[in-house]
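The values are calculated or read from the model by the stated rules, or taken from the named source; none is laboratory data. Everything quoted here is computed from the prediction, not taken from an experiment. We place every Cβ from the backbone using ideal geometry, glycine too, and count neighbours over all the protein chains shown. Heavy atoms of the whole protein, side chains included, go into the accessibility calculation; ligands, DNA and RNA do not. Shrake-Rupley method; radii C 1.70, N 1.55, O 1.52, S 1.80 Å.
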Amino acid sequence: MNHHLLLIIHLLSATIWVGGHLLLCFAYLPKALKEKNQHIILDYERKYEPVGMSALALLVITGIMMAYKYGVSIEYWFQFETPIEKVVSTKLVLLLLTVAFALSAQFRVLPKLKTNAAKLPEMTFHIISVTIIGVLMVIFGSFVRFGGF
């Protein structure tokens, strides 16, 4: 697939993924905390999840395809030797952190949050963490344009 097309799909997917988390973080989360109403978060998650998870899947697929186009195949992941390897490897570490937070939220926090608003602070930590990680991934990805870091 053409590199430019991959980049466009990657950037649109990042817009959906990170934008959705920024919206959650800055619009829905403050209201849920103020009202102590976990259903504001749960309703947003229910609506956003199909779109957000599809965007995340596209991000992973296009990110891996672009890494290969830059010569960073799987045997170079986590090597941190060349500037592009550093970008790819850093983004993969951040992706693994995102997966860890997602699994924690899905299997540990969300089931309890459904019936207990006292879990809002823990969910807040997850939301803010994934949002920061997403923004960092966008920032680090922008370094590819300059040859890495």
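Only one residue in LEU42, LEU56 is open to solvent by less than 70 Å² (accessible area, probe 1.4 Å), in contact with a Lys or Arg (Cβ under 7 Å, 6 or more places away or on another chain) and touching a residue at least 24 places away in the same chain (Cβ under 8 Å), so which one is that?
On the way: LEU56 fails: in contact with a Lys or Arg (Cβ under 7 Å, 6 or more places away or on another chain).
Exactly one residue qualifies, and that residue is LEU42.
Taking the options TYR48, TYR68, name whichever one is in contact with a helix residue (DSSP H, G or I) (Cβ under 8 Å, 6 or more places away or on another chain), open to solvent by 20 Å² or more (accessible area, probe 1.4 Å) and not hydrophobic (A, V, I, L, M, F, W, C). Full working, then the answer.
Values: TYR68 fails: in contact with a helix residue (DSSP H, G or I) (Cβ under 8 Å, 6 or more places away or on another chain).
Going through TYR48, TYR68 in turn, the sole match is TYR48.
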> Which residues, taken from segment 10-39, are touching a Phe, Trp or Tyr at 6+ places or on another chain (Cβ under 8 Å) and touching a residue at least 60 places away in the same chain (Cβ under 8 Å)?
Replying inline: LEU24
> For segment 96-140, what are the residues that are open to solvent by 20 Å² or more (accessible area, probe 1.4 Å), closer than 30 Å to TYR68 by Cα and touching a residue at least 40 places away in the same chain (Cβ under 8 Å)?
Replying inline: VAL135, LEU136, MET137, VAL138, PHE140
> From the set of residues in segment 1-14 that are open to solvent by less than 90 Å² (accessible area, probe 1.4 Å) and under 13 Å from the mean Cα position of the chain (by Cα), which is nearest to HIS126 (Cα to Cα)?
Replying inline: ALA14
> Among the residues of segment 36-53, is any of a type in the set (S, T, N, Q), assigned to a loop (DSSP other than H, G, I, E, B) and over 30 Å from MET123 (Cβ atoms)?
Replying inline: no
> Quick one: which helices (runs of 4 or more DSSP H) sit completely within segment 57-149 and have at least 1 residues that are in contact with a Ser or Thr (Cβ under 8 Å, 6 or more places away or on another chain) and on the phi < 0 side of the Ramachandran plot?
Replying inline: 83-104, 120-142
